[in-house]
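Chemist: Let me give you the structure first, and then I'll get to my questions.
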Amino acid sequence: MPFEFKLPDVGEGTTEGEIVRWLVREGDPVQLDQPLVEVQTDKAVVELPAPKAGVILARYGKEGDVIPVGATLVVIGEAELAAEGGAANPPKPALPAESGGGAPELPAAPGVQAAPYTRRLAKEAGIALEEVVGTGPHGRIVPEDIRRHQAERAAQAAAKAPPEREEGEPVVLSPLRRRIAERLSTSIREIPQVTVVEEVDQTELVALRQRLRPLAEAAGIRLTYLALVAKMLAITLPQFPMLNARWEKEGLYRYRRIHLGVAVDTPEGLVVPVIRDVQDKSVWDLAREISEKAEKAKRRALSGEELTGSTITITAGGALGGLFATPLINVPEVAIFGMYQIRKKPWLHEGQIVVRDIGYISLTFDHRVADGMMAARFLTEMAQLMAHPERLVLGLR
């Protein structure tokens, strides 16, 4: 019996995906777990594997179409049926997407014809659908019609404006940027956030990294401060279990295992891959995995599993400069740790004013879960480790 494979929810809160590239055609035989299609979600490009072996009887949507979660992507039939011609004309369910790619045309109907995604796009742009000329089947309005109308409206406004005044051009956000905007809005709107900052003497940490770098390079590992501090976080966090927690649907849950979200800057925006079970990994393991996940994030090659389930996040802005920041909590977590640029500064050390390597660290926390005293004690512990990283050496393995 033909099996309909529908677009699954491949990440926390995913509602739609864009077809990037088809990897099979109608009539192709497929094996279990064979990649069928590449789909761009709001976080990454993911390959969707075949849930069963068989033959592709029907394929829905063309490259570039945006389809909602739950929409049918392909119909897979038994290979024997296809060989006998029994599936020459399989029934095709309606696709709640924009157009084409093997999907049947929608019949003409009175009123404006547009899919929910197109209507939402028009609403966000402040465009009445009645004003738009549809170029889809039977005059159906597709997303490109909205973007074209938006551009034409902006051009008309610019033509009417005084010559000395420059009008901004409309920007249609990518799915990733839309998701970032939604999550950050949720974070600042729903979480009472407080940031505590500490200035730390990191001279010994700098020296430790310099001593370890040749060993790391010999093993093909890029040793960053982020990997060293991630290990320190794993040492310190068990003393503050309420900071290693998440707001789930049922309420607040804290965790013994540490799944660390690492904020990575990419051309598309900030992506947070997850390093799981940090408490069990050495500095070398962490350095290698952080580098691998960061490289995959920049290629938009992370899977949904690699982007979900973090219990606390760390962000490092040192390479980009900036004294310090107040990062927003990565929903649904309750805390985010920040580390920043290390600079040489005059510092009182053992009764003498000398030049030392100094940097800021921060903790932004959910005030419903923790308070300023807990955050201050946490930063004090981290500062002690960064100033005297001998304990870290014992955990290198």
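Chemist: Is it the case, given these coordinates, that Leu328 is free of Cβ contacts under 8 Å to residues at least 40 places away in the same chain and not in a helix (DSSP H, G or I)?
Modeler: Taking the combined requirement at face value, the residue does not satisfy it.
Chemist: Those residues that are surrounded by fewer than 18 Cβ atoms within 10 Å (Cβ to Cβ) and either of a type in the set (A, V, I, L, M) or modelled with pLDDT of 90 or more (or both), I need them from the stretch 172-185; list them, please.
Modeler: At the first step, the residues of the stretch 172-185 found to be surrounded by fewer than 18 Cβ atoms within 10 Å (Cβ to Cβ) are 172-174, 177-178, 181-182, 184-185.
If the condition is that a residue be surrounded by fewer than 18 Cβ atoms within 10 Å (Cβ to Cβ) and either of a type in the set (A, V, I, L, M) or modelled with pLDDT of 90 or more (or both), then Val172, Leu173, Ala181, Leu184, Ser185 are the ones that fit.
Chemist: So which residues in the stretch 125-151 are closer than 23 Å to Arg178 by Cβ and surrounded by fewer than 12 Cβ atoms within 10 Å (Cβ to Cβ), if there are any at all?
Modeler: Answer for the stretch 125-151, where residues must be closer than 23 Å to Arg178 by Cβ and surrounded by fewer than 12 Cβ atoms within 10 Å (Cβ to Cβ): Gly126, Ala128.
Chemist: Look at the stretch 169-186 and say how many of its residues are of a type in the set (A, V, I, L, M, F, W, C) and assigned to a loop (DSSP other than H, G, I, E, B). If you could, list the steps in order and put the result at the bottom.
Modeler: As a first pass, look at the stretch 169-186 and keep what is of a type in the set (A, V, I, L, M, F, W, C): 171-173, 176, 180-181, 184.
Within this subset, residues satisfying the condition of being assigned to a loop (DSSP other than H, G, I, E, B) are 171-173.
The total comes to 3.
Chemist: Exactly one of these conditions fails for Pro346: (1) surrounded by 14 or more Cβ atoms within 10 Å (Cβ to Cβ); (2) out of contact with any Phe, Trp or Tyr (no Cβ under 8 Å at 6 or more places or on another chain). Give me its number.
Modeler: The failed condition is (1).
Chemist: Additional query: Take the residues of the stretch 335-359 that are part of a strand (DSSP E or B) and within 30 Å of the chain's Cα centre (by Cα): which is nearest to Phe240 (Cα to Cα)?
Modeler: For the stretch 335-359, the residue satisfying everything is Ala335.
Chemist: Regarding the stretch 306-313, can at least one residue be identified that is part of a helix (DSSP H, G or I), in the same structural domain as Gln202 (by TED's automatic domain parsing) and in contact with a Lys or Arg (Cβ under 9 Å, 6 or more places away or on another chain)?
Modeler: Yes; the residues of the stretch 306-313 include at least one that is part of a helix (DSSP H, G or I), in the same structural domain as Gln202 (by TED's automatic domain parsing) and in contact with a Lys or Arg (Cβ under 9 Å, 6 or more places away or on another chain).
Chemist: When Met382 is evaluated against the numbered criteria (1) crowded, with 18+ Cβ neighbours inside 10 Å; (2) assigned to a strand (DSSP E or B), which criterion, by number, is the only one it fails?
Modeler: (2)
Chemist: Yes or no: the stretch 156-174 includes at least one residue that is within 30 Å of Leu252 (Cβ to Cβ) and touching a residue at least 60 places away in the same chain (Cβ under 8 Å).
Modeler: Checking the stretch 156-174: not a single residue is within 30 Å of Leu252 (Cβ to Cβ) and touching a residue at least 60 places away in the same chain (Cβ under 8 Å).
Chemist: Then there's this: Please go through the stretch 222-272 and give me each residue that is aliphatic (A, V, I, L, M) and under 19 Å from Thr380 (Cβ atoms), ordered by number.
Modeler: Of all residues in the stretch 222-272, those aliphatic (A, V, I, L, M) come to 223, 226-230, 232-235, 237, 242-243, 245, 252, 258, 260, 262-264, 270-272.
Leu228, Val229, Ala230, Met232, Leu233, Ala234, Ile235, Leu237, Met242, Leu243, listed by residue number.
Chemist: Need a quick list: strands (runs of 3 or more DSSP E) entirely within the stretch 208-271 having at least 1 residues that are touching a Pro at 6+ places or on another chain (Cβ under 7 Å) and modelled with pLDDT of 95 or more.
Modeler: Once the strands (runs of 3 or more DSSP E) in the stretch 208-271 are filtered for at least 1 residues that are touching a Pro at 6+ places or on another chain (Cβ under 7 Å) and modelled with pLDDT of 95 or more, what remains is 245-248, 251-254, 260-262.
Chemist: Please go through the stretch 44-74 and pick out each residue that is without any contact (Cβ under 8 Å) to a residue 40 or more places away in the chain and not hydrophobic (A, V, I, L, M, F, W, C).
Modeler: Glu47, Pro49
Chemist: Out of (1) touching a helix residue (DSSP H, G or I) at 6+ places or on another chain (Cβ under 9 Å); (2) assigned to a helix (DSSP H, G or I), the odd one out for Val196 is which?
Modeler: Val196 satisfies all of (1) touching a helix residue (DSSP H, G or I) at 6+ places or on another chain (Cβ under 9 Å); (2) assigned to a helix (DSSP H, G or I) except (2).
Chemist: Restricting to the stretch 1-31, and then to whatever is in a loop (DSSP other than H, G, I, E, B) and aliphatic (A, V, I, L, M), can you tell me which residue is surrounded by the most Cβ atoms within 10 Å (Cβ to Cβ)?
Modeler: Only one residue tops the list, namely Leu7.
Chemist: In addition: Go through the residues of the stretch 105-117 one by one and say whether even a single one is within 23 Å of Gly61 (Cα to Cα), at pLDDT 80 or above and outside the structural domain of Arg59 (by TED's automatic domain parsing).
Modeler: For the stretch 105-117, residues within 23 Å of Gly61 (Cα to Cα), at pLDDT 80 or above and outside the structural domain of Arg59 (by TED's automatic domain parsing): absent.
Chemist: Just one of the numbered conditions (1) touching a strand residue (DSSP E or B) at 6+ places or on another chain (Cβ under 6 Å); (2) in contact (Cβ under 8 Å) with a residue 12 or more places away in the chain is not true of Arg288; which one?
Modeler: Answer for Arg288: the failing condition is (1).
The values are calculated or read from the model by the stated rules, or taken from the named source; none is laboratory data. Please read all numbers here as calculations on a predicted model, not as lab measurements. Note that we place each Cβ from the backbone using ideal geometry, even for glycine, and neighbour counts take in every protein chain shown.
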